[in-house]
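Only one structure is covered here, and it is reproduced in the block below.
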Amino acid sequence: MRFEVRTTTDLKNATQTLCKHLEAHAVPNEKVFDCRLVVNELVGNVLRHSDGYATMNSVIANGCVEIYVRSTHAFFPPEKSVCSSPTAESGRGLFLVDSVSISRTVTPDGEIKVVIKY
């Protein structure tokens with residue numbers, strides 16, 4: 001499934017459609033939730049922190065969901081994520097993404113790939 005996300009409404013529609021698609025392919029509910037979290041964190045950051053938009057693709061294969069996010073302005077998150085302090089207002093998104101996935105990689109042109117095993 002491929003989505004172009006330019007607004008928060010696009011993001012909401014994309015996540016709802018993705019979740020229905022995953023459920024239809026018997027992905028367990030807790031993993032559907034994890035996929036929703038990943039998409040909201042990564043694509044939401046594109047919308048909040050750049051003047052561009054995001055494309056998001058997903059693939060179901062071999063007991064995994066692969067989520068690909070690309071921004072019109074390449075973003076290279078740190079290789080290692082660290083959870084911010086409990087009193088911080090932000091800074092936990094990438095840490096959460098990493099804690100629900102088995103891998104997160106970034107291509108040289110800035111596409112982020114997250115793999116969630118179910």
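So the values come out like this:
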| read-out | value |
| --- | --- |
| Restricting the range 73-107 to trypsin sites (Lys or Arg not before Pro) in coil, as DSSP defines it, with at most 16 other Cβ within 10 Å | K80 |
| Between the range 60-94 and the range 14-49, the Cα center-to-center distance that results, in Å | 13 |
| Computed magnitude of the charge dipole of the chain (debye, nearest 20; Cβ of K, R +1, Cβ of D, E -1) | 140 |
| Charge dipole of the chain about the Cα centre (unit charges at C-beta), most positive-ward option of A14, H49, S84 | A14 |
| In Hz, Karplus ³J(HN,Hα) per residue of the range 108-115 (6.51, -1.76, 1.60; θ = phi - 60°; x = Gly, Pro) | x, 9, x, 7, 9, 10, 10, 10 |
| Cleavage-rule hits (GluC sites (Glu not before Pro)) in the range 1-101: DSSP loop, at most 15 neighbouring Cβ within 10 angstrom | E79, E89 |
| Accessible surface of the chain, 1.4 Å probe, proportion on carbon and sulfur as whole % | 53 |
| Cα-centre dipole for the range 53-118 with unit charges at Cβ (Lys and Arg positive, Asp and Glu negative), debye to 20 | 120 |
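The values are calculated or read from the model by the stated rules, or taken from the named source; none is laboratory data. Every value quoted in this text rests on a predicted model; they were computed, and no experiment measured them. When we count neighbours, we look across all protein chains shown, and the Cβ atoms used for this are built from the backbone with ideal geometry, even at glycine. Just so you know, the surface numbers come from the protein's heavy atoms only, side chains and all, with ligands and any DNA or RNA stripped out. Shrake-Rupley method; radii C 1.70, N 1.55, O 1.52, S 1.80 Å.
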